[in-house]
1. Within region 214-229, identify whether any single residue is modelled with pLDDT of 95 or more, within 24 Å of ASP262 (Cβ to Cβ) and of a type in the set (Val, Ile, Thr), and answer yes or no.
2. Considering only region 374-389, state which residues are at pLDDT 95 or above and of a type in the set (A, V, I, L, M).
3. Tell me whether region 74-94 contains one or more residues that are within 16 Å of ligand 1 (Cβ to nearest atom) and under 26 Å from the mean Cα position of the chain (by Cα).
4. Name, by its number, the condition in (1) surrounded by 18 or more Cβ atoms within 10 Å (Cβ to Cβ); (2) within 24 Å of LEU57 (Cβ to Cβ); (3) aliphatic (A, V, I, L, M) that does not hold for VAL122.
5. If I go through region 282-311 residue by residue, how many of them are of a type outside the set (A, V, I, L, M) and either within 15 Å of ligand 2 (Cβ to nearest atom) or not assigned by TED's automatic domain parsing to the domain that holds THR380 (or both)?
6. Among the residues of region 64-75, is any away from ligand 2 (no atom under 16 Å from the Cβ), crowded, with 16+ Cβ neighbours inside 10 Å, modelled with pLDDT of 95 or more and in a loop (DSSP other than H, G, I, E, B)?
7. Sort out which residues of region 209-225 are acidic (Asp, Glu) and either assigned by TED's automatic domain parsing to the domain that holds TYR325 or crowded, with 22+ Cβ neighbours inside 10 Å (or both), and write them in order of number.
8. Scan region 182-208 residue by residue and report those that are among the aromatic types (Phe, Trp, Tyr) and crowded, with 19+ Cβ neighbours inside 10 Å.
Amino acid sequence: MKKRPFYLAVVALFRVMDPLWVCAETPPTWSDEFDGSGPPNPATWTFEQGFVRNEELQWYTNNATQVGGVLVIEARREQVLNPNFTTPADADWRKNREYADYTSASIASAGKYSFQYGRMHVRAKIPCFTGSWPAIWTLGNAGEWPSNGECDILEYYLVGGVPSILANLARGTTTRWSATWDSVSKPVSQLTAVNASWKTAYHIWTMQWDQDNVRLYVDNILMNTIPQSWIVNSVTTWGPQYPFKQPQYILLNLAIGGAGGDPSGTTFPLHYEVDYVRVWEGATNNVAPTDISLTTNNVAENLPFGTVVGNLSATDADPGEVISYSLVTGTGSTNNSQFQIAFLSGETKTSVLKTAAVLSYADGAARSIRVRATDIEGATYDKILTINVLGGESVETSTENMSIPEGGTNTLSATEDKAKKEG
Ligand SMILES: [Ca+2]
Ligand SMILES: [Ca+2]
C-alpha cells in the first residue's frame, strides 16, 4: 500500500469543510425542468396535431400539462372526429378513419431548440401497458425522415409479445422513406428482476453523443453504442451524408397502438411523466473518475445483513455524469463478499454500500474491499476502501479511507441483447 502524500490530506480536509466541492454538478447548458404550470413552454415545444405517423390510433392534441414539477402527458380513451376524413376507401390512413378512439400528446422542439454533440438526461416515468408506446427521441434539423437521422433514447412496446424497452438509431437508405435500424431491445422483466418497482419508478435515460459515437443508457446501463461510421447515408438525395453530425431536436410523445399493440384491454387514462430534460452541449472527451468517497467507513458489529454503511460518491470532471459502482476482485478485495452495493440512480443517483453479512469485531476490526466507479462511457477507477467494524469496546478508527489509485482504464461494459437489424 502506498503512503498518501501530504497534499492529499490537505485536499481531504478541504473536502470535509466544503461538501459542495464533492456534490456540485456542472449545470446543464440547456434544460426544461417542467417546473411551470399549464402547457409546456411554447418557446421550446410545439404540440403535434392529429394523425401523424405509423398509423397509430391516437389523435394528437394538447394532452400535456406541467403539474408539481413534472410534465404529464395523458393518453385518453375518447372519441374525436377526424376533420380530414374522406371515405374508408381512401388510401391515406390519415383520411380513411372517421374518428380517432384515443387522444394523446406529442411535443417537439423542432425549429425552437436543437443541439449538436453533448449529453442529454431525461428523467421520466413511463406507462408500461399493452398498447402504450412512450418515447424519448431526436430527429435531425436538415433532411426528411429517415435521412435526417432518428435516435430513440427510449421506446417502450411489446417485442414479440414481450414488454421491452428499446434504444435505436436510424439512417436513410437508397429508398425514400425507408430506414436502416441499429436497434437494441431489453425485456422489462430483466429490469424488474433487479428492481421490482421498475415499472412505476422514475428512470434517467441518457444520450451521450460525440464525433465518434452515440451511446444510449437507462440508469447508467449501456443499451446501445452506435458508431458515427455506421451513421452514414449512402445517398444524399433526402438528407445529409452524416445525419448525426448536424443538430438534432427533441421529441417526447405517448403513442397508442402501432408497435405498442392493441390497447383495447388496457385501463385509461395513461400517464407518462417527464421530470426534466437536461442537455450539456458539447460535453465530450470523457475523462475517467478520479476518486471515490464513502460518507462513513465505520459500521457497528453484529448488525443485520443489509445494513447501510454509507453513501458512495465519485469525483468525475465530466458534467452530468452518472456513476455506477461495483465490488471487483484484485488487490485489496479480501472482504468483498461481506458487502454489497445498491445503485439507486433512477430515483436519487445515490449508491449505498451495505453489509452482506453479520460482521463481528472479534473476526477483525478492519475489512478491505475494492470498489470500482464506472462512468457513463465505461471509464473506470478502482479504490481500496477499509471498513472498520466497531466493537463494543473503544477501537481506533480512521475517518479517511486509504487508497491505491489504479487510474482509469477505458474499458467499455458489454451490452446485452445487442441485435443489429438491417432493414
Ligand atoms: Ca422537474
Ligand atoms: Ca467521466
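1. The answer is no; no qualifying residue exists.
2. Scanning region 374-389 gives ILE384, LEU385, ILE387, VAL389.
3. no
4. Single failed check for VAL122: (2).
5. 7
6. Checked against the condition, which is being away from ligand 2 (no atom under 16 Å from the Cβ), crowded, with 16+ Cβ neighbours inside 10 Å, modelled with pLDDT of 95 or more and in a loop (DSSP other than H, G, I, E, B), region 64-75 yields no hits at all.
7. Of everything in region 209-225, just one residue is acidic (Asp, Glu) and either assigned by TED's automatic domain parsing to the domain that holds TYR325 or crowded, with 22+ Cβ neighbours inside 10 Å (or both), namely ASP219.
8. Matches in region 182-208: TRP198, TRP205.
The values are calculated or read from the model by the stated rules, or taken from the named source; none is laboratory data. Predicted model, so just to flag it, every value in this text is computed and none were measured. When we count neighbours, we look across all protein chains shown, and the Cβ atoms used for this are built from the backbone with ideal geometry, even at glycine.
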